[in-house]
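Down below is the structure, laid out as structure tokens.
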Amino acid sequence: MKKRLLFVDDEPNVLQGLRRMMRSMRQEWDMQFANDGTEALEILFSDHFDVVVADMRIPGMDGAELLDEIKKRHPQVVRFILSGSSDKELVMKSVGQTHQFLSKPCDSEQLKNILVRAFALRDVLNNNELKTLVSSLKSLPSLPSVYFEIMEAMKAPDFTMKMVGEIISKDVGMTAKMLQMVNSSFFGVGVRVTDPIHAARLLGPEILKALVISVQIFSKFNKAGSCGLSLEKFSNHCMAVASLAKEIAKHENQDKNLTDGALIAGMLHDAGKLILAENLPERYKHALSIAKSEHISAIEAEEKTFAATHAEVGAYLLGIWGLPEPIVETLAFHHHPSKSLQQEFTCLTAVHVANALVNDDKDKCTEMDSVEIDHVYLSHLGLDDKLADWRELYEEIKRKRSES
């Protein structure tokens, strides 16, 4: 079945250009074009679409307002926004409504690759077995109110990081757990952090939001220990993967958005394990048993037991929560990145390699993980010769940590 896309822009020349750019995909994609938000909503009301790509500056109803309406009326639609460097205030306004921001100008190959990847992720998360499994879970965590308060604060024209710190400080339990994580050796901030305002200024809003989510996920589970999953080891593993993923991204001279994304995705990459262990402890314990007795990986044992994996469950949850597409994609494919159709280094690359290296470390490995590096994927990206450098980077990080 063809994928259905709707492009929204008030400039006829831009829409004509998009038609030309996407002509090669006509056999796979059914595309329609709208001149403004009102026309886009009318089209969406009369037919089903998979993706909407909207320009930020359209008359009457801007791109942020349009995507907000689409989120309310058609939550299943994947939402992209095209924005220029002068759209910073509008971009902040659209946080939470948009799955991914695309910078203008966006060339045809870049746009096609992004959309192809989005469809690959959507196909994974539309798996019927996964939906059946998730619908049977009784204790899916919800986003904490602190998260929504941070999101709202970020929309304010006078937004400051002090505001974020003050929001977090109102929740004593959240503050204590967050500061414990920030001061761990994995973050390596170099100074003792004693209050959430200081943490906010050091880390920035995106990483703080991820910390809030991590604390929420970790704090809601109390049955994981009954099936052999140590929360302390689990938390340490996630932090180790997160910090190494960020360092790998920095080593490859990636920008701040990608390095922060690698840290965030690393922190959350195994969230699905806790969800499965909390909701289905006996079946999860059985998966552990299968992994040991049959000498297979965690992902294979989960597939046998649940007909889905922790990677898919975690990605599904974060997708529901509206986290950015690159983060959700990283969770979904962190064991098998070749399935993502990636064409370049992204936070998925960093987290996949970091997870494999940390799990290969006998001092750090968790109870049921055996993670293989996807050499085909790295070769496809032209990065297979980088692996030795990344291993050395991990050893250097461990040496510094042991000396501190």
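For region 32-87, the fraction of C-alpha pairs more than 13 angstrom apart is 55%.
Each Cα pair under 8 Å and six or more residues apart adds its separation to the average, and for the chain the resulting relative contact order is 13 percent. For VAL78, nonlocal amide neighbours, meaning residues 5 or more places apart or on other chains whose placed amide H falls under 5 Å from its own, are VAL51, VAL52. At q = 0.10, 0.13, 0.17 Å⁻¹, what base-10 log of I(q)/I(0) does the Debye formula yield for region 235-324 when every alpha carbon is treated as an equal point scatterer in vacuo? Debye output, listed in q order: -0.32, -0.51, -0.79. The GluC sites (Glu not before Pro) of region 267-361 that DSSP puts in a loop, and whose beta carbon has at most 13 other beta carbons within 10 Å, are GLU294, GLU344. Which angle from 0 to 90°, rounded to the nearest 10, does the C-alpha axis of helix 12-21 make with the longest principal axis of the chain? That helix lies at roughly 60 degrees to the long axis. What shape does region 142-264 have by the C-alpha gyration tensor, where a ≥ b ≥ c are the square roots of the eigenvalues, rounded means a/c under 1.5, and otherwise prolate means a/b greater than b/c and oblate the rest? Oblate, because a/c is 1.5 or more while a/b does not exceed b/c. Pairs of lysines in region 250-332 whose Cα atoms sit within less than 20 Å of one another amount to 5, provided the residues are eight or more positions apart or on different chains. Sequentially through region 389-400, phi angles give Karplus couplings (6.51, -1.76, 1.60; θ = phi - 60°) of 4, 5, 5, 5, 4, 5, 4, 5, 4, 5, 4, 5 Hz, Gly and Pro residues having no value and appearing as x.
Measuring between their Cα centroids, region 104-170 and region 16-61 lie 22 Å from each other. Across region 256-263, coupling constants 3J(HN,Hα) worked out from phi with the 6.51/-1.76/1.60 Karplus curve, θ = phi - 60°, read 4, 4, 6, 5, 5, x, 5, 5 Hz, and Gly and Pro carry x. Only helices enter this figure: runs of n ≥ 4 DSSP H residues, each worth -39500 (n - 2.57), summed and divided by the residues of the chain, yield -18500 deg cm²/dmol at 222 nm to the nearest 500. Proximity of backbone amide H atoms, modeled 1.01 Å from N, is registered between LEU102 and ILE81, LEU82, SER83 at under 5 Å, excluding neighbours fewer than 5 places apart on the same chain. For ALA34, the residues whose modelled amide H falls within less than 5 Å of its own, excluding neighbours fewer than 5 places apart on the same chain, are PHE7, VAL8, ASP9.
Shape of region 14-58 from its Cα gyration tensor (a ≥ b ≥ c, root eigenvalues): rounded if a/c is under 1.5, otherwise prolate when a/b > b/c, or oblate? It is oblate, given that a/c is not under 1.5 and a/b is not larger than b/c.
Across all directions, the average flat footprint of the convex hull enclosing the Cα atoms of the chain is 19.9 nm².
We did not get these values from a lab; they are worked out from the coordinates using the rules stated. The structure displayed is predicted, hence computed values, not measured ones. Glycine also receives a Cβ, built like all others from the backbone with ideal geometry; neighbour counts cover every protein chain displayed.
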